[in-house]
Amino acid sequence: MTNSWLALEGEGLAVGQTKRIKCPHCLSTTETYSIRKSESGEVTGYCYRASCHKFDNAQGTITYEAGTSFFKPRKMMHRTTENPDMALWLERNYAIPPEQVALERIKYAPDVNRIVMPVYDKDGVEYGHCTKAVKDPGDYPKVINYFLNERIKLHYPRSNLTNPMCVVLVEDILSSIRVAQITDSVALLGTTLNDAQVYELKNMYDKAIIALDPDATQLAYKMQSRYNGCFTDGIHVAPIRHDPKDYAHNEGLKKDLGL
């Protein structure tokens with residue numbers, strides 16, 4: 001099946017120029033889909049949303065994991081280093097102090113100007129890493145996840161308080177690290193929740209609070225409806241005003257989470 005619509009969307013674009021639209025696949029409420037015309041004149045499109053990751057060209061559509069040929073210019077493993085400026089950037093932008101950066105073993109990849117965050121399972125074993133662009137990455141995704149093996153894809157911050165009473169489910173690693181300052185948090189690494197993930201979580205926690213980014217609130221309520229009754233003290237939705245990592249103070253975040 002060809003993507004004739006993509007050529008129409010790309011009309012009027014100059015070589016190297018991009019434009020953003022709402023994704024035709026995941027029907028995102030914001031403009032997460034980027035269309036670009038290459039030097040050869042080919043028009044391609046890509047959704048930056050972690051739960052979508054659709055790539056389109058004239059021949060059709062593929063869903064890919066980072067590390068495939070589309071990302072060939074970006075190697076899976078980057079040269080990393082500890083960078084005091086990066087730690088200050090995280091503290092200034094996301095209220096994550098340097099000691100928490102060190103505990104989570106977050107490093108910096110200067111070759112691609114990205115921060116590199118390990119992905120940990122429930123036992124604290126690293127099984128992948130996530131890279132986040134410090135500045136606008138252009139035609140590449142803002143966040144790329146790499147997994148070393150097939151596991152239940154959840155991230156448990158090393159700075160979790162180990163509170164079996166409650167866990168907050170968020171989209172991304174930085175948000176989970178931010179919420180871990182208040183209570184246990186787990187990153188879904190996207191906006192989906194499946195049966196295997198719920199089975200693992202309900203054996204560890206009595207209560208779950210879903211705190212997805214504001215543009216995914218409806219997805220959060222669908223998760224709650226599907227898994228209602230799976231947790232001893234219930235599964236709840238926190239209609240937060242900002243992405244969890246963007247709260248400047250713990251008091252405001254704690255209040256919006258209902259804690």
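Coordinate-derived values only; no laboratory data. These figures come from a predicted structure and were not determined experimentally. Virtual Cβ from ideal backbone geometry, glycine too; neighbours counted across all protein chains shown.
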**Complete:** A208 neighbourhood, Cβ < 13 Å, K/R = +1, D/E = -1, net charge -1
**Message:** Neighbour counts of other C-beta atoms within 10 Å: give me F55, F231 arranged from fewest to most.
**Reply:** F55, F231
**Item:** Neighbourhood net charge (15 Å Cβ-Cβ; Lys/Arg +1, Asp/Glu -1) for Q100
**Value:** +1
**Request:** Return the loop-located GluC sites (Glu not before Pro) in segment 9-47 (DSSP other than H, G, I, E, B) with at most 10 other Cβ atoms within 10 Å of their own Cβ; answer none if there are none.
**Result:** E11, E39
**Message:** Report, in listed order, any pair from K37/K222; K22/K135; K19/K122; K54/K254 with a Cα-Cα distance greater than 29 Å.
**Reply:** K37/K222; K19/K122; K54/K254
**Fill in**
Ordered by fewest other Cβ atoms within 10 Å, a rough proxy for footprinting exposure, V15, V143, V179 read V15, V143, V179
**Prompt:** Of T232, I182, C166, whose Cα points farthest to the positive end of the dipole of segment 164-235 (charges on the beta-carbon: +1 Lys, Arg; -1 Asp, Glu; origin at the Cα centre)?
**Reply:** T232
